[in-house]
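Participant: After the structure tokens below, expect a handful of questions from me.
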Amino acid sequence: MQEEKGTISIHTENIFPVIKKFLYSDNEIFLRELVSNAVDASQKIKRLASLGQYNGEVGDLTIQVKVDEAAKTITISDNGIGMTAEEIKKYINQIAFSGATEFMEKFKEANDANEIIGRFGLGFYSAFMVADQVEIDSLSYQEGAEPAHWVCDGSTSYEISTGQRTTRGTDVILHINEESLEFLQKQRIQQILNKYCKFLPIPIQFGTKSESEPDGEDADGKPKYKTIEVPNIINITHPAWTKSPSELTDEDYIKFYHELYPHTMDEPLFWIHLNVDYPFNLTGILYFPKVKNELEIQRNKIQLYSRQVFITDEVKDIVPEFLMLLQGVIDSPDIPLNVSRSFLQADSNVKKINNYITKKVADKLNEIFKSDRKGFEEKWPDISLFIKYGMLSDEKFAEKANDFCLLQNVNKEYYTFKEYYEKVKDIQVDKDGNIVYLYTQDKSLQDGYISAALAKGYDVLNFDGPLDTHFAGYVEQHGGEKIQMKRVDSDVIDKLIPKDEQIEQTLSEDESKKATEVFEKAISRPDMKVEVDALNASDLPVSVTIDEFMRRMKDMAKTGGGMGFYGTLPDNYKVTVNGNHPLIKRIVESSEEDGEKLAKQAFDLALLSRGLLTGAELTAFVKRSVDLI
């Protein structure tokens with residue numbers, strides 16, 4: 001072959017600095033790009049052989065990645081289709097820069113140029129981010145082809161001459177520049193290959209690794225082992241998501257889960273195998289991990305691939321936000337290797353993928369609920385947060401989830417929305433026809449209020465999750481007609497579900513006024529409003545409650561629910577004095593000093609039952625109790 005020197009046919013000298021500094025924000029992806037090219041070349045020779053267009057031996061297609069620290073080189077070698085000198089000139093010199101001028105004009109002012117990587121065929125040239133010289137040694141599969149050698153120093157000049165390669169395939173040799181010497185560390189290369197190439201369809205070898213194998217027995221009959229060197233194969237070429245669900249057992253899915261997340265001890269609750277080829281191509285497996293009482297939005301857990309090449313674990317524009325609680329893999333060739341957020345937000349395929357995944361997840365949950373209600377209920381503590389988050393944030397998911405979302409009461413019984421409505425609609429109805437759902441956010445702190453409700457024959461829901469303050473509003477809107485959610489301690493029980501019947505008060509008007517004055521003086525707190533009410537004599541003498549609306553707004557402000565104004569307001573409580581309780585009659589009839597002491601004691605007991613009595617007030621209460629005894 002005649003040696004040839006030339007200039008890459010572009011109209012600017014500035015393309016390489018742009019590639020190095022601007023086009024790629026993360027220089028480690030050079031290895032992904034070059035290994036992906038090697039995989040493509042290897043798959044093409046397999047394809048040609050299967051079509052009868054290549055009659056030679058396909059042979060071992062393992063791709064080799066080698067580091068030579070002394071020579072400061074990284075070499076990526078494949079046994080794929082190879083290239084002739086003319087093909088190198090075409091694919092490396094011309095096509096790669098066919099859009100370079102347009103690129104420079106259109107994107108030199110761009111804020112996020114990552115979106116056009118690949119559109120201009122610049123993947124190969126990512127090598128120049130880390131190398132000050134790149135060589136290609138290649139021998140085409142075509143009969144009679146001559147080996148070709150190409151070299152470029154990062155300028156627009158190149159040389160082509162006869163190559164050294166004697167077998168089909170391509171070597172890409174990178175002469176690493178001084179700023180990128182970190183990539184000559186074998187541990188660093190291993191890390192990058194593990195990240196981007198773990199599931200590529202062609203074996204990738206990076207040197208060797210040591211393994212132990214049995215080596216007979218020692219003198220005591222105990223097994224002996226010897227250390228051997230074996231090829232260090234980076235990848236699993238046929239990961240679970242590329243197979244049909246019929247080929248896989250539960251053990252296969254769980255094994256793959258631990259391949260994805262080797263440091264996770266727990267096993268997934270269940271999984272969904274995705275497989276669609278119209279109107280877009282998508283495969284993958286989504287796993288439901290255990291998510292309990294903390295809002296653990298496990299970002300960077302779902303991994304996005306394109307034809308088994310890792311792209312990113314920032315998938316929030318592909319997967320609905322509530323599904324970020326899931327783990328697993330999504331693989332779609334319809335998403336280009338190099339993507340930006342703006343691309344994902346605008347791409348129609350991404351929107352379709354988003355809707356498809358939402359539907360598949362909802363359908364799977366509904367299927368489990370219908371086929372195994374008991375098993376679904378057992379999983380509910382682990383999946384309720386995920387489902388409620390989805391219902392609050394995604395309307396399409398919510399429409400389906402209304403059929404399988406469960407409400408749990410304090411007796412640990414489960415009901416669907418419809419079932420619970422039927423359970424309480426005739427009992428927990430107030431004088432205006434509202435169906436009142438009572439709930440607790442802390443069974444231990446609100447036990448007295450729960451007991452009072454249960455004694456009335458009412459039911460109390462358990463709403464102690466991190467999203468349940470927000471979810472209470474959702475249930476009011478979607479759980480049935482005229483539903484009101486009230487926390488069980490937001491008023492005395494007879495006021496929570498007011499009926500038409502009136503209870504006579506035994507205190508006279510003057511005694512009622514005196515009781516109010518005694519308690520206001522004993523309490524002496526502006527955040528406590530005293531009211532004397534006619535309640536059952538068996539009810540508590542004093543109750544401390546906070547208005548449902550105000551408390552819910554303040555709770556939502558704490559959890560970032562957009563109610564920030566309410567979060568700045570002080571807590572205001574209502575002190576309900578039971579005018580029909582014998583203790584109140586005694587307080588009214590006592591001397592001023594004794595009445596005030598008893599009122600303070602009764603008030604502190606009410607605070608204690610709510611967990612609101614702390615510090616010096618608690619100490620004073622204990623001392624006063626001892627004195628009274």
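The values are calculated or read from the model by the stated rules, or taken from the named source; none is laboratory data. This one's a predicted model, so the numbers in the text were calculated from it and none came from an experiment. Because the Cβ atoms are built from the backbone with ideal geometry, glycine has one as well, and the counts that use them run over all protein chains shown. Areas reflect the complete protein model, heavy atoms only, side chains present, ligands, DNA and RNA absent. Shrake-Rupley method; radii C 1.70, N 1.55, O 1.52, S 1.80 Å.
Participant: Could you point to the residue in P541, Y196, Y474 farthest towards the positive end of the chain's charge dipole, with +1 and -1 charges on the Cβ of Lys/Arg and Asp/Glu respectively?
Facilitator: Y474
Participant: In addition: Could you tell me which of the pairs K72/K198; K443/K482; K243/K374 are separated by over 28 angstrom between their Cα atoms in the structure shown? Before the final figure, lay out the partial values.
Facilitator: Working: K72/K198 25 Å; K443/K482 26 Å; K243/K374 31 Å.
Listed pairs above 28 Å: K243/K374.
Participant: With the dipole of the chain worked out from charges on the C-beta (+1 for Lys and Arg, -1 for Asp and Glu) around the Cα centre, which of Q502, H175, A620 lies farthest toward the positive end?
Facilitator: Q502
Participant: Quick one: length gained pulling K5 to Y356 fully straight, 0.36 nm per residue minus the C-alpha distance?
Facilitator: On the way: separation 351, 0.36 × 351 = 126.36 nm, distance 5.24 nm.
Extra length available between K5 and Y356 comes to 121.1 nm.
Participant: In what sequence, highest mean first, do 319-332, 516-529 appear when ranked by Cβ atoms within 10 angstrom?
Facilitator: 319-332, 516-529
Participant: While we're here: Once you charge only the Cβ atoms, +1 for Lys and Arg and -1 for Asp and Glu, what is the size of the charge dipole of the chain about its Cα centre, to the nearest 20 debye?
Facilitator: Once rounded to the nearest 20, the dipole reads 460 debye.
Participant: Here's something else I'd like to know. Which GluC sites (Glu not before Pro) does region 345-395 hold that lie in a coil by DSSP with at most 11 other beta carbons within 10 Å?
Facilitator: none
Participant: By average Cβ neighbour count within 10 Å, what is the ranking of 425-431, 401-407 from highest down?
Facilitator: 401-407, 425-431
Participant: For the chain, find the longest principal axis of its Cα atoms and tell me its angle to the long axis of helix 468-478, 0 to 90°, nearest 10.
Facilitator: Between the helix axis and the principal axis of the chain, the angle is about 80 degrees.
Participant: Using alpha-carbon pairs under 8 Å, 6+ residues apart, how would you state the relative contact order of the chain in percent? Please list the in-between numbers first.
Facilitator: Details: 1082 pairs, mean separation 51.5, N = 629.
Worked out over the chain, it gives 8 percent.
Participant: From the convex hull of the Cα coordinates of the chain, what is the mean projected area in square nanometres? Mind showing how you got there, number by number?
Facilitator: Details: hull surface 174.1 nm².
That works out to 43.5 nm², a quarter of the Cα hull's surface.
Participant: Give me the angle, in degrees from 0 to 90, between the Cα long axis of helix 373-393 and the longest principal axis of the Cα atoms of the chain, rounded to the nearest 10.
Facilitator: That helix lies at roughly 80 degrees to the long axis.
Participant: Take the Cα radius of gyration of region 316-475 and divide it by 2.2 N^0.38 Å, with N its residue count; two decimals is plenty. The partial results should precede the final answer.
Facilitator: Values: Rg = 19.3 Å, N = 160, 2.2 N^0.38 = 15.1 Å.
For region 316-475, the normalised Cα radius of gyration comes out at 1.27.
Participant: Residues with amide H under 5 Å of V460's amide H, sequence separation 5 or more or different chain, H placed in the peptide plane at 1.01 Å from N; which?
Facilitator: HN-HN under 5 Å from V460: V410.
Participant: Amide H to amide H under 5 Å from I546: which residues, 5+ apart in sequence or cross-chain, H placed 1.01 Å off N in plane?
Facilitator: It is K574, by chain and number.
Participant: Related question: Could you state the accessible area per residue of the chain in Å², with a 1.4 Å probe and every protein chain left in place?
Facilitator: That works out to 49 Å² for each residue.
Participant: So for the chain, taking the charge dipole from beta-carbon charges (+1 Lys/Arg, -1 Asp/Glu), which of F417, A49, M129 sits furthest toward the positive end?
Facilitator: F417
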